[in-house]
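Right, one structure below, let's go through it.
The values are calculated or read from the model by the stated rules, or taken from the named source; none is laboratory data. Just so it is clear, the model here is predicted, and its values are computed rather than measured. Note that we place each Cβ from the backbone using ideal geometry, even for glycine, and neighbour counts take in every protein chain shown. The area values use the complete protein model at the heavy-atom level, side chains included, leaving out ligands, DNA and RNA. Shrake-Rupley method; radii C 1.70, N 1.55, O 1.52, S 1.80 Å.
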Amino acid sequence: QVQLVESGGGLVQAGGSLRLSCAVSVSIFSINRMGWYRQPPGKQRELVAAITGGGITNYPDSVKGRFTISRDNAKNTVYLQMNSLKPEDTAVYYCWGRLGALDAWGQGTLVTVSS
């Protein structure tokens, strides 16, 4: 069973930065699609970054230019660098991976951005 474990969340002031990490229990070399979702309080979960095995990335306009996703296949880890954070970025952030026809999720890490 695949496990995804996020870390790096916390409290940061607006304008600050955080880097989230997602450690995967299996080799991510063959996992073509991985990414990060977030769920703000009282709202639906939304995609904030995705990356393919070939390194192609995708971001919604709300985070484009501020967030950067990357993957280290040797360490079986996916990262989300978040810069210029805003209060509206406050959410629980979830790591996600598409393994064949199945979706795997981490338990989430809370990011709180104070104004």
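Considering only protein heavy atoms, what per residue accessible area in square angstrom results for the chain with a 1.4 angstrom probe?
Values: 6050 Å² over 115 residues.
Solvent-accessible surface per residue comes out at 53 Å².
Label points 7 Å out from Cα along the Cβ direction at SER30 and SER114: separation in nm?
The modelled label-to-label distance comes out at 4.7 nm.
Once label points are set 7 Å from the Cα along Cα→Cβ at both VAL5 and THR52, what is their separation, rounded to one decimal in nm?
Reported label-point gap for VAL5 and THR52 is 3.1 nm.
Across segment 86-91, in residue order, what do the Karplus-derived ³J(HN,Hα) couplings come to in whole Hz, using 6.51 cos²θ - 1.76 cosθ + 1.60 with θ = phi - 60° and x for Gly and Pro?
Values per residue, Gly and Pro as x: 10, x, 6, 7, 4, 4 Hz.
In whole percent, and with a 1.4 Å probe on the protein chains, what portion of the accessible area of the chain is carbon and sulfur? Each step should come with its number before you reach the end.
On the way: 2980 of 6050 Å².
The computed percentage sits at 49.
Between GLN13 and ASP103, what FRET efficiency follows from the Cβ-Cβ distance if R0 is 35 Å, with the result rounded to 0.05? Each step should come with its number before you reach the end.
Details: r = 33 Å, r/R0 = 0.95.
The formula returns an efficiency of 0.55 here.
What are the ³J(HN,Hα) values, in whole Hz, obtained from phi via the Karplus relation 6.51 cos²θ - 1.76 cosθ + 1.60 with θ = phi - 60°, for each residue of segment 102-115 in sequence order, with x given for Gly and Pro?
For segment 102-115, the Karplus curve yields 10, 9, 10, 10, x, 7, x, 9, 8, 10, 10, 10, 8, 8 Hz.
Output the peptides 101-114, 71-84 sorted from most to least packed, where packing is the average of other Cβ atoms within 10 Å over each peptide's residues. It would help to have the intermediate numbers written out before the result.
Working: 101-114: 14.9, 71-84: 17.5.
The peptides rank, most packed first, as 71-84, 101-114.
Could you order peptides 47-55, 29-37 by the average number of other Cβ atoms within 10 Å of their residues, highest first? Could the numbers behind the result be given before it?
Values: 47-55: 16.6, 29-37: 18.3.
Taking the mean over residues of other Cβ atoms within 10 Å, the ranking is 29-37, 47-55.
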